[in-house]
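Please read the structure below before turning to the comments.
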Amino acid sequence: MSEDDRFAPKTPPHWTAPEQPPAPSGVRPRPQETALNRFLGGSPGGVFLRLLFVSLIVGAFLMWLDIRPWDVFRGLKQLVDRIWGLGFDAIREIADYILAGAAIVVPVWLVLRLMNMRNAR
């Protein structure tokens, strides 16, 4: 073995498929991109923990406003009953509900997307 051979990069054992080159050292392999991971936007465990945390924050805010879970379900039932009773005037009321919900949902979505972009770097 000559002196030049000692400093030459050594190839890692070929544990991957023959047609797939091995990953360079120091680079984390990407987790498997399954249909479930793509649908959820991450691993099921990670998505569960994020949803659990966001649910805790939103739940604390709703409790602070004295809004209980059964109040939400009762409100949804009343919404369906009113829409059924209104007929075509329901379109206007649905638009009002969509705009009111979007005032909360869109900023939250935007913040979450910005946080994901920051984590991707």
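In the condition set (1) assigned to a helix (DSSP H, G or I); (2) more than 14 Å from the chain's Cα centre (by Cα), M115 is compliant with all but (2). Residues that are open to solvent by less than 100 Å² (accessible area, probe 1.4 Å), assigned to a helix (DSSP H, G or I), under 21 Å from I57 (Cα atoms) and not polar (S, T, N, Q): does the range 87-101 have at least one? Among the residues of the range 87-101, at least one is open to solvent by less than 100 Å² (accessible area, probe 1.4 Å), assigned to a helix (DSSP H, G or I), under 21 Å from I57 (Cα atoms) and not polar (S, T, N, Q), which makes the answer yes. Before we move on, is V106 open to solvent by less than 70 Å² (accessible area, probe 1.4 Å) and not polar (S, T, N, Q)? Here the answer is no, as V106 does not meet what is asked.
I83 falls short on exactly one of the conditions (1) in contact with a helix residue (DSSP H, G or I) (Cβ under 8 Å, 6 or more places away or on another chain); (2) at pLDDT below 75; (3) not small (G, A, S), and that condition is (2).
Suppose we filter R74, R68, R50 for residues that are open to solvent by 80 Å² or more (accessible area, probe 1.4 Å), charged (D, E, K, R) and modelled with pLDDT of 90 or more; which single one remains? Please lay out each step first, then the result.
Working: R68 fails: modelled with pLDDT of 90 or more; R50 fails: modelled with pLDDT of 90 or more.
Just a single option satisfies the conditions, and that option is R74.
If you go through the range 71-98 and keep only what is under 28 Å from L40 (Cβ atoms) and aromatic (F, W, Y), you end up with F73, Y97.
The values are calculated or read from the model by the stated rules, or taken from the named source; none is laboratory data. Note that the structure is predicted; figures quoted are calculated from it, not measured. Positions of Cβ are generated from backbone atoms using ideal geometry, with glycine treated the same way; all protein chains shown enter the neighbour counts. The accessibility values were calculated without ligands, DNA or RNA, using every heavy atom of the protein model including side chains. Shrake-Rupley method; radii C 1.70, N 1.55, O 1.52, S 1.80 Å.
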